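Data block below; observations after.
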Amino acid sequence: MLQYCKTCVLPDSRPNLKFDKESLENVFSQIEAKSEFSIFYKNALIQNSKDVSGNFENALISEILDQVLK
């Protein structure tokens, strides 16, 4: 189970991101590259996760994470 702090103060970063059957590791790398966020996780927690697809335009990081961590 992966979680993030929804009640923490998050910067108002709204990157445009598109994923087509990407690993969570790749998704996290793209979020880090296009925002001021750093994402920390244990490899064992995402190693067997399903691939992620989605198209996010002007979406908050919290909205993106809500969708990719379902």
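Where Lys and Arg each count +1 and Asp and Glu each count -1, what net charge lies around Ser35 among other residues with Cβ under 12 Å from its Cβ?
Details: positive: Arg14, Lys34; negative: Asp12, Glu32, Glu36.
Cβ neighbours under 12 Å give a net charge of -1.
What does the extension gain come out to for Glu36 and Asn16, with contour length at 0.36 nm per residue minus their alpha carbon separation?
On the way: separation 20, 0.36 × 20 = 7.20 nm, distance 1.37 nm.
Full-extension gain reported as 5.8 nm.
Where Lys and Arg each count +1 and Asp and Glu each count -1, what net charge lies around Lys21 among other residues with Cβ under 12 Å from its Cβ? Before the final figure, lay out the partial values.
Values: positive: Lys18, Lys50; negative: Asp20, Glu22, Asp51.
Summing Lys and Arg as +1 and Asp and Glu as -1 gives -1.
Where a number appears in this text, it was derived from the coordinates with a stated rule and is not lab data. Just so we're clear, the structure is a prediction, and the values are computed from it rather than from any experiment. Don't worry about glycine lacking a Cβ; one is built from the backbone with ideal geometry, like all the others, and counts go over all protein chains shown.
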